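Okay, structure first, notes after.
The values are calculated or read from the model by the stated rules, or taken from the named source; none is laboratory data. In this text the structure is predicted, and so the values were computed from the model without any measurement. As a convention, Cβ positions derive from the backbone with ideal geometry for all residues, glycine included, and neighbour counts pool all protein chains shown. Keep in mind that these areas ignore ligands, DNA and RNA; they rest on the heavy atoms of the full protein, side chains included. Shrake-Rupley method; radii C 1.70, N 1.55, O 1.52, S 1.80 Å.
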Amino acid sequence: MSDFAGMEDLLQDFLTEAEDLLSGVDNKLVDLERSPDDRGLLNDIFRGFHTIKGGAGFLNANELVTLCHLTESLFDKLRNGELAVTTEIMDVILAATAGVRDMFNQLSQGLMPSPADSDVIALLKAVQGEAAATAVPVASKPLQAVAGNAPDWNALHAAVSGATSQASPSAAQAEAPSSPGTSIVPAAHDADAIVKSALGRRASDNPAGSGPTGRRAEERQRDTSIRVDTARLDQVLNLSGEIGLTKNRLNALRSDILNGRNDTETLHALDVAVSQLDLLVSDLQNAVMKTRMQPIGRLFQKYPRIARDLARGLGKDVELVLIGEETEIDKTMIEDLSDPIIHLIRNAVDHGVESAEERRMSGKPEKSDVRLEARQEGDHIVILVADDGHGMNAEKLRAKAIEKGLISSEEANTMDERQSFNLVFLPGFSLASRVSDVSGRGVGMDVVRTNIQKLNGSIDIHSVQGKGTTFIISLPLTLAILPVLLVKLGDQPFAVPLSMVREILPIHPDEVKEVAGRATMVVRGEVLPILPLSKMLGWEQGNTPEYGVLMQMAELSYILAIDSFAGREDAVIKSLDDFRPKGVAGVTTLSNGQIVLILDMKELIGTAGEQRGVPRAMLIKPSEEKARPALKAPVEA
């Protein structure tokens, strides 16, 4: 049973606002570390935490109030100049914000938050000098915070060890008898190691709990709420009113026609009303679609914290630059994009950028830039994840793939640079020499491409050795409307995503050749396999296919053999949640009322046996060795 019975709506409102506030605080903390003298940032951070504390108090979430209050007190000391902003203090603060986020997790499940990690509480108190009275004597003086100076971190570690000795065996062991005036912490113990020891965690852990290895989405339901600008809702309301007026006009015209009025003036009025309704419905559809669009900045705002903590754990100086945060994207895509972008950012920080020493030797600035950018291009959203690191070596990638048995030497010899870069997407591929909590298992990039393809998108790689690597993700503006090409087998139409279509070609029997037992065609010098749609669907082949659709999926290109085609449409997708046949992505209804299946071409390719194709004899019958009527010109999508 929920601990917040009768307060569910209030709890949900609090979580929606507080999580946005906390994400903003995390971003501002990363900015504050780069600009420690920015009082405006400190004030914004203080106000954010104060608001979270106030909401938690209203819900009687006392443990969350306690953690927020301690952290707020630390911010107050920073604002007043009693403490200086240092990397070590930022580690303590970010550990506290991670604890707050963990408590949000418990609240989202209807549970009252449990007490925060005792080490985090002890650190917050110690860094403010509150634990000095209970600290083990260190160098004959208690922990002190001098205005404008960071506290003694050796003393801080001793204070935390003393405060947690009952719960921490390692801390108890540290309290070995020592002579007066001798520190129990070695002088060489740096601040980063102290914080890691006290917190019992690595700085490279995912602070938000939403990374690939610990997704919060698995623990809590997907967020189905959405924030909509009232101006957009007003537009929908106005269009609905206009449609209502047009409907009344059509009803009146219908009555006139039923009563025998079919003169030219009445028919013209009917034509005008139908045209107006068509325009209004199109505008309403666009307006409703805009209500689903959300700024991608709401997705981007959690990544600076992740990049900062990972870089600190790896001993690198990396700044994540965000561009195009105002770009809007379909709300349903935002959560599905979270994991792929996290993978790419972690990959850029871990593999892409060099260490500070390597960058100095190559004449680069010690600080690396990782760029996360979003922009709209036509009816697509383009997301870039770029680094200024050492780039990719196509030859090394091919050699590693051969070593792991992912490709043969013959296949490697036929690969160009772009195909070599795409080897990183193969399951099991990794250049890491050892497995760590960040990389080395060869699953990350495979997951990235799979998740992007599920969104009807594509991902490409551009890389220049010594300059850096850019991952380019292209996505449709929305998943609710999908441009499709209608193809036919006999009289039965099917829909295939237009984003995969490159060209429509006639299939001439004399141009079909058999290569390695497969029917193929040469298109602009490239030998492409011919895959009959009937074979993919498991149908018996009736007529010999007359046309081919040149399809492209990632690095795979092939010709889809069909009987005919019926044009292009913007399909409104209806999902098949309860029953979805293999190879079917959904259904749509055509303008004539006919229901058409939208094909999942990736799944069908796998069903067809890894694009093995068919022998020429199964595709072209000897009696049909004749020229077919050709299209006047290739139709390019």
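Kirkwood hydrodynamic radius of the stretch 249-369 from all distinct Cα pairs, in Å? Can you show the working numbers first?
Numbers: mean 1/r = 0.0518 Å⁻¹.
About 19.3 Å for the stretch 249-369.
With labels modelled as points extended 7 Å from the Cα through the Cβ direction, what inter-label distance (nm, one decimal) is found for residue 570 paired with residue 62?
5.7 nm
Once you place label points 7 Å from the Cα toward the Cβ at residue 418 and residue 492, how far apart are they in nm?
For the pair residue 418/residue 492, the computed spacing is 3.5 nm.
Order of 47-59, 505-517, 248-260 by packing, highest average Cβ count within 10 Å first? Mind dumping the intermediate values first?
Working: 47-59: 18.7, 505-517: 14.6, 248-260: 12.4.
The peptides rank, most packed first, as 47-59, 505-517, 248-260.
Could you work out how far apart the two model spin labels at residue 109 and residue 403 are, taking each label as a point 7 Å from the Cα in the direction of the beta carbon, and quote it in nm?
Each label point lies 7 Å from its Cα, and together they span 4.2 nm.
Using Cα centres only, tell me the gap between the stretch 563-603 and the stretch 242-298 in whole Å.
Between the Cα centre of the stretch 563-603 and that of the stretch 242-298, the gap is 26 Å.
Counting other Cβ atoms within 10 Å of each Cβ, which trypsin sites (Lys or Arg not before Pro) in the stretch 340-435 have at most 10 and sit in a DSSP loop? Don't jump to the answer; show the numbers that get you there.
Values: sites: 346, 359, 360, 367, 371, 375, 396, 398, 400, 404, 418, 434; in loops: 367, 404, 434.
Hits after loop and neighbour filter: 434.
If you wrap the stretch 226-314's Cα atoms in a convex hull and average its projection over all directions, what's the area in nm²?
Numbers: hull surface 32.2 nm².
Average projection, Cα convex hull of the stretch 226-314: 8.0 nm².
What whole number of Å gives the distance from the Cα centroid of the stretch 89-127 to the Cα centroid of the stretch 389-416?
Taking the Cα centre of the stretch 89-127 as reference, the centre of the stretch 389-416 is 45 Å away.
Checking the a/c ratio against 1.5 first, then a/b against b/c, what shape does the Cα gyration tensor give for the stretch 479-556? If you can, show how the numbers build up before the last one.
Working: a/c = 1.94, a/b = 1.27, b/c = 1.53.
Oblate, since a/c reaches 1.5 and b/c is not below a/b.
Can you tell me the FRET efficiency between residue 80 and residue 225 if r is taken as the Cβ-Cβ distance and R0 is 35 Å, rounded to the nearest 0.05? Don't skip to the end; give the middle numbers.
Values: r = 39 Å, r/R0 = 1.10.
E(calc), rounded to 0.05, equals 0.35.
How about the stretch 39-104: which GluC sites (Glu not before Pro) there lie in a loop by DSSP and see at most 16 other Cβ atoms within 10 Å?
On the way: sites: 63, 72, 82, 88; in loops: 82.
Taking the stretch 39-104 and a limit of 16 other Cβ atoms within 10 Å, the loop GluC sites (Glu not before Pro) found are 82.
Quote the accessible area belonging to residue 424 in square angstrom, nearest 10, computed with a 1.4 Å probe and with ligands, DNA and RNA left uncounted.
Using a 1.4 Å probe on the heavy atoms, I get roughly 20 Å².
What ³J(HN,Hα) values, in whole Hz, does the Karplus curve 6.51 cos²θ - 1.76 cosθ + 1.60 give for the stretch 415-427 when θ = phi - 60°, with x put for Gly and Pro?
Values, residue by residue: 8, 8, 5, 5, 5, 5, 4, 6, 4, 5, 8, 6, x Hz.
Heavy atoms only, 1.4 Å probe, whole protein assembly: order 568, 79 by accessible area, highest first.
Working: 568 135, 79 80 Å².
Output order, biggest surface exposure first: 568, 79.
Considering only C-alpha atoms, what is the centroid distance from the stretch 1-79 to the stretch 346-384, in Å?
Using only Cα atoms, the two centres lie 31 Å from each other.
Using a 1.4 angstrom probe and counting only protein chains, how large is the accessible area of residue 97 in Å², to 10?
0 Å²
Would you please state which residues of the stretch 457-500 a label at residue 334 would reach in this model, taking the label point 7 Å out along Cα→Cβ and a backbone N cut-off of under 15 Å?
Counting only backbone N, you get 478-479.
Hey, what do the phi angles of the stretch 310-325 turn into as Karplus ³J(HN,Hα) couplings, whole Hz, using 6.51/-1.76/1.60 and θ = phi - 60°, x for Gly and Pro?
Calculated HN-Hα couplings, in order: 5, 4, 5, x, 8, x, 10, 9, 10, 10, 8, 9, 9, 9, x, 5 Hz.
Using a 1.4 angstrom probe and counting only protein chains, how large is the accessible area of residue 460 in Å², to 10?
For residue 460, solvent-accessible area is about 30 Å².
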